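For reference, the structure discussed in these notes is given below.
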Amino acid sequence: MKSFGEPWPEFNDGLHYRDLIRSSDSGLTLIEFYSKKYENSAPFLGWLQRIHNKQITIDGNAVTDPDTILREGMELIYYRLPWQEPDAPHLLEILCEDDDLIAVNKPSGLQVLPGGLFQQRTVLTQLQWRSRKLTSSSACQEPHPVPVHRLGRGTSGILLCAKTKLAKSRLAAYFADGTSVVGVSRDSNSELNTMRKITKIYRALARGVINEDEVTVEQPIGQVRYPGVAKGLYVASPSGKPSFSRVDVLERNMHSNCSLIQVEIQSGRPHQIRIHLSFIGHPLIGDPLYVAGGQPKCFDPDVTDESLAHDGGYQRPGNPVPGDCGYHLHAHRSVFPHPITNEVVDITASLPSILRTQEESKAITQG
């Protein structure tokens, strides 16, 4: 298999955030605008620090007076200074590629899309760099690939990316259609069966010995307030959205008190497998966040840390957050119709050694 990826520079390029003042914001002061609209980025004192540090311009001119009155039509730009992002792998293995799509084997520890501390060290960045490189060495314009779904930063395995707008819309529809018929048996209705066009199978290592050979989990997943997660944390919630996971036990290890499992998900809720396994009392081994019941290990939504980081933002929370790694979860196999030709595409990503059965490990050793 071919791989690609450029080593990360020590510091990223920083970011520019642009706002055009609307009539509804006219009359606000500069500090009122940023501290209210972007309170999840930094507290009041943090935005004061950024203003005094000349990181905000109005119509191209740096402004250091936080009480500057804003008027409709003004262009504001906040420049987030370059920073050293946390360590992340950079190599991606190509599993399948043609003119319409590329599937890569994402390593654990690499984020898919920009967010939080990871703005450059992402799969998207590596795809962009590769696309530019191919374009510069070719007479034709190479399409720019984009991921059509997400995997958690700590999750490894198959990530599907589209190279064209048509492929992107159709692949995204496969995921959406599957979620819309959550919980319906594959064999109970042929019409619904055709709607669920994509099969997603994962391998994972769960804590404890699961007695049943097969377990179905249909616990809804919703969001709650959680320090350090601006949009809220996904948890097991009776008022959440329908979610469906089928768990098959492959091996049980009594000595290590764990179970090697295969999980097929119909829906694709964020952190679904981590939440569902913890909900039934078997959280993933090494998961720093979710514990039995599908809830976070540390949960006090009213606790906030308003101390400032170097750039004026909030300090990284001391409690675990969804992007923390340490668990063993791998997107092992995907089966779906090609978005353009409609031919069946069956992709497999090689398993990490810890997620192989004894028979699989023996076969690799002997082969």
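A short reminder: the numbers here are calculations on the coordinates, not readings from a lab. Just so you know, these numbers come straight off a predicted model, no measurement behind them. With ideal geometry, Cβ positions are generated from the backbone for all residues, glycine too; neighbour counts draw on all protein chains shown.
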Taking segment 15-80 and dividing mean pair separation by its residue count, relative contact order in percent (alpha carbons under 8 Å, at least six apart)
51
Each label point is 7 Å from the Cα along the Cα-to-Cβ direction; what then is the distance between the points at Ala230 and Ala173, in nm?
3.2
The set of residues whose placed amide H lies less than 5 Å from the amide H of Gly14, leaving out same-chain residues fewer than 5 positions away, is Trp83
I need the per residue convex hull volume for segment 92-366, using only the alpha carbons, in cubic angstrom as a whole number.
165
Find the relative contact order for the chain and round it to a whole percent, using C-alpha pairs within less than 8 Å whose residues are 6+ positions apart.
16
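Among Glu39, Glu85, Glu343, rank each residue by its count of other Cβ atoms within 10 Å, from fewest to most, as a rough exposure measure.
Lowest to highest Cβ neighbour count: Glu343, Glu39, Glu85.
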Over segment 51-101, what is the relative contact order in whole percent, taking alpha-carbon pairs under 8 Å and six or more residues apart?
30
So, counting K/R as plus one and D/E as minus one, what does the shell of residues with Cβ under 9 Å around Val112 add up to?
+3
Evaluated at q = 0.18, 0.23 Å⁻¹: base-10 log I(q)/I(0), Debye formula over Cα of segment 15-80
-0.56, -0.96
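Please arrange Ile364, Ile21 by counting, for each residue, the other beta carbons lying within 10 Å of its beta carbon, fewest first.
Final ranking by Cβ density, sparse to dense: Ile364, Ile21.
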Can you tell me which lysines have their Cα less than 29 Å from the Cα of Lys362? Leave out same-chain residues fewer than eight positions away.
Lys2, Lys106, Lys200
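Using the Cα centre of the chain as the reference point, and only Cβ charges (+1 on K/R, -1 on D/E), how large is the resulting charge dipole? Debye, rounded to the nearest 20.
It works out to roughly 280 debye.
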Around His52, what is the net charge, scoring Lys/Arg as +1 and Asp/Glu as -1 over all other residues with Cβ under 15 Å from its Cβ?
-1
In a shell of Cβ-Cβ distance under 11 Å around Thr216, excluding Thr216 itself, what net charge do Lys and Arg (+1) and Asp and Glu (-1) give?
-4
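Please arrange Val217, Val104, Val123 by counting, for each residue, the other beta carbons lying within 10 Å of its beta carbon, fewest first.
By the 10 Å Cβ count, ascending, the order reads Val217, Val123, Val104.
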